[in-house]
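Values quoted throughout were computed directly from the atomic coordinates according to the rules given, and no laboratory measurement underlies them. It should be emphasised that the depicted structure is a prediction, and the values quoted were computed from it without experimental measurement. Ideal geometry is used to build each Cβ from the backbone, glycine not excepted, and the neighbour counts take in all protein chains shown.
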């Protein structure tokens, strides 16, 4: 067979391959060339009738032809498959601008978030978290805190009373978290270092008061505890909580029945821009905490020897901390469960405040 | 407690201005609430001479004035005041000055075609009174161009101080001066009082009329008769002083009592002696006794209150308010002045009960100086005689001052130990001395508080006195050491669990709420509460009167409010207390959640209505999150009455209910006006067992190398058969081999007989020690079929 004929055969087959537009057409080209009776197969078969010399020349020729055709078919096959895949994918196009499946976005209430922040700080200061019930013994809420029976705070216009119980006892909704001090001291001897957050109640409802609110209370009792330690703890706490490099506290003598001396603390701040507070600088003072050295009579009533131990206690509003830090103007919506408010002021579920990561973003 | 700076200077020799006085007061515990300094407030207003006041050419009621304000050429001003006239001295504001009444800066204006370059001011425009009928006319000799405040007599700043309940001694200008002097702001002037000799025996006698157990109500009662007085207005300086602190001058006799009360903290009362019948006595009121008081109201008294009475009955509410009928008038010629000591607690209780806030009560309830009862009477006598003439009787006294003398052992080292600041021994003695304490020196000081300091009981009180006067700002911060270098955990296991569950629920899409723990009684009743023991005696609102027996009513009410605002797809939760009774500690910490709505509408059609299985998943997520391990205990059908009876379940371990879930009962939704569907769950966090402490190390990880096999089965069982029964039966065949069973299909309808259902399960067999042979698999499969059929009476679906 002449070379020119082989070339022509190859050209014909390759052109048929190139023209094959789908798997079936390509298969018929393959059968026509490489099938049992295919043109290339016939050439290969014809080798059997050749002389050894002819075979030596034509053998490689025909075999390489078969290989080239095979490769061309395979290559074309990939092309056809790729084109088919592309065509399928083109048909599968979606509108990716459509919104995804709705997923509810949960939130953490600001009071809970701030509670976690406060806890993180006090944990680092070596405090443990203590708790007490919302309904409290009059004795723990008042008497053991040196609040005498005729004190105005006990009046019904200040304190919520629960109806008399079957045994005649009459309990209160705790008016502060201070009864947790009592509960702690009654069951534990010093050293004591606790912080007690929780819900508190007072008969008060107006623009700036809610009948239920949250307080946090700190108590430290040990040997050699003084006002200086109290000041240090509050400075460190506010600095960490408001995430500023320095704070300046102003102490004012005050009066609480359960502390002596009693001190109120103001924090230096700048309120010159309406609706904004910057801490640590400025010419304004913000009242933040009531405190004092635990009254010796309170220590005695709670089974702690005031000759040996001294202590300090402090307390403030948890809601108020949240309001100040996060610019929440009004306390009442904290407890109104308006979904819009919850989403606006709430925190992401996994946004857990830590000291190493920073309390807030 | 208000006072003016000039009044303070009556008792305190000081150069300090109002600002320094105020700052010092706050720093020593007498918190300044406000400084009203009209002089400073009105510093831009000047005295002007009205050179001419002519009729405005274009308006009948307006005047065109030329004004000399002390500098520059005459100024043209249009003025509407009818009293504006040529030659007068008036208060003038230039353009740019802020007018107090409007709060706005004055502009140059054109009024009826004439330019006006300033304003002549009325009292109301300066917020000095209500008068706006005309402009203020100043004295003819007022100096033109000088600040108007001086001519208006407003150069005396008024300071308002909040007196804490323990500081009755500071409820007087003298007492405030004493504190300021101790703090180094000046020298306290001599406050001693020269007695006024009586010239005759008082025709009015006094008596104390108490049983021994109530004698403390009034241990000392003194009085004095002054005859032939002429009551009229008090001197101008007295009226000015009283007006400056917001008191209305009434008459000389009444003004004396107000002056002495504020000046020395000694409340007094003046009776028109001619209206008294017989002996004046202090006694307890009779229940139901009534009195027309000086405020014009009639009060009904009870036997817990002290009254001043004569033979005709109660004439005054002791320590609180005098009676109208025996009060002094302009016609009073004989006056009986009362000065007494009334028990603080009883006076406070009386005032509260009657709703009377008076200057007398303010002082008596804080505790007055028992040694100043008679001196105060002497001071009042002197002033009355000075202002009204008359002749004083001898003083009549019943009882004696209550015992107040005491000595407190004081270690000077306590100042540093408690107060955290070093104060020298001489300074300690100086401070105590200047506050009126007597100090006997020794290693321990023997400190005797003065008669006016009822609040000083022990060493800590004395430390407070020293530290507050020495300066709280001098207390240095003292770092506290922590026992461990690395902080220990602060939370108890239960607190940690609460925090975890809170964040688990939020991560499931719930919005955390915090609601009042008191709810309407009607709502409480729907949740097994509302009984008397959980009621509040004095709720903030009549419909917030019951301590909640469940968190769900709070969430339902919250959901209703949100639905009313157009939000129907809600996921709300709260972690908080529910109350089992009204006793302390009878409360459970509950995590409760509520889903409402058909799910968010979306083109993906992925939403589904809130149902019991959502709530079941929520509950299990919370329980398992709290436990830190899978919950294997089964759920039992049915929960509490507020759930759908056929679509709710309870998770319990023995008698302990860990959680409940389900669709809410339609009657609950109706009661709360909630648009359903709605499902809810409650998890009782305290009931969930603490994880068994097995150390921190996890069990060994030993995955089986042998292939697991899954086989599917479909059973046709009675519709009433619980899926759990099918699963239990299947599982029982080989607990070791069967790793898990899933329910992958549930079908009722065509092809399944009426009253039956088809339940398809997939069982995964996971051998640990060999590869299962077909024979073994077949044997287990047969066992499962047999067990399920035996347990449920069902058949294998062919």
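Could you tell me the distance between the Cα centroids of the stretch B:66-138 and the stretch A:145-181, to the nearest Å? Here the answer is 58 Å between Cα centres. In the distance distribution for the protein assembly as shown, Cα-Cα pairs more than 47 Å apart total 55 percent. Sorting B:89-99, B:710-720 by average packing, meaning the other beta carbons within 10 Å per residue, from highest down gives B:89-99, B:710-720.
Distance between the C-alpha centres of the stretch B:164-235 and the stretch B:542-584: 56 Å, rounded to the whole angstrom.
Here the extension length gained between residue A:96 and residue A:31 equals 18.9 nm, from 0.36 nm per residue of separation less the Cα-Cα distance.
The angle between the Cα long axis of helix A:227-242 and the longest principal axis of the Cα atoms of chain A comes to about 30 degrees, rounded to the nearest 10. With contacts taken as Cα pairs under 8 Å at a separation of at least 6 residues, chain B carries a relative contact order of 8 percent. Considering only alpha-carbon pairs that sit under 8 angstrom and 6 or more positions apart, the relative contact order computed for the stretch A:224-344 is 21 percent. Packing, taken as the mean count of other beta carbons within 10 Å per residue, orders the peptides B:670-680, B:481-491 from highest to lowest as B:670-680, B:481-491. Counting only alpha carbon atoms, the long axis of helix A:110-124 and the longest principal axis of chain A meet at about 80°. Working from Cα pairs under 8 Å separated by at least six residues, relative contact order for the stretch A:124-186 is 44 percent. Which residues in the stretch B:762-798 have a backbone N closer than 18 Å to a point placed 7 Å from the Cα of residue B:728 along the Cα-to-Cβ line? Those under the cut-off are B:784-794.
Mean per-residue shielding of peptide B:556-567 is 2, counting Cβ atoms of other chains within 10 Å of each Cβ.
Each part gets one Cα centre, and for the stretch B:631-686 versus the stretch A:281-355 those centres are 35 Å apart. Within the listed set A:87, A:128, A:120, the residue fluctuating most in the Gaussian network model of chain A (springs between alpha-carbon atoms under 10 angstrom) is A:87. Among the residues of A:151-160, the average count of other protein chain beta-carbon atoms within 10 Å of the residue beta-carbon is 3.
The helix-based estimate of mean residue ellipticity at 222 nm for chain B, built from -39,500 (n - 2.57) per DSSP H run of four or more residues and divided by its residue count, is -7500 deg cm²/dmol to the nearest 500. Cα extents for chain A along the principal axes, largest to smallest and rounded to whole angstrom: 131, 53, 41.
The angle between the Cα long axis of helix B:552-564 and the main principal axis of chain B comes to about 80°, on a 0 to 90 degree scale. If both residues of a DSSP beta bridge must be in chain B, then about 95% of such bridges are antiparallel.
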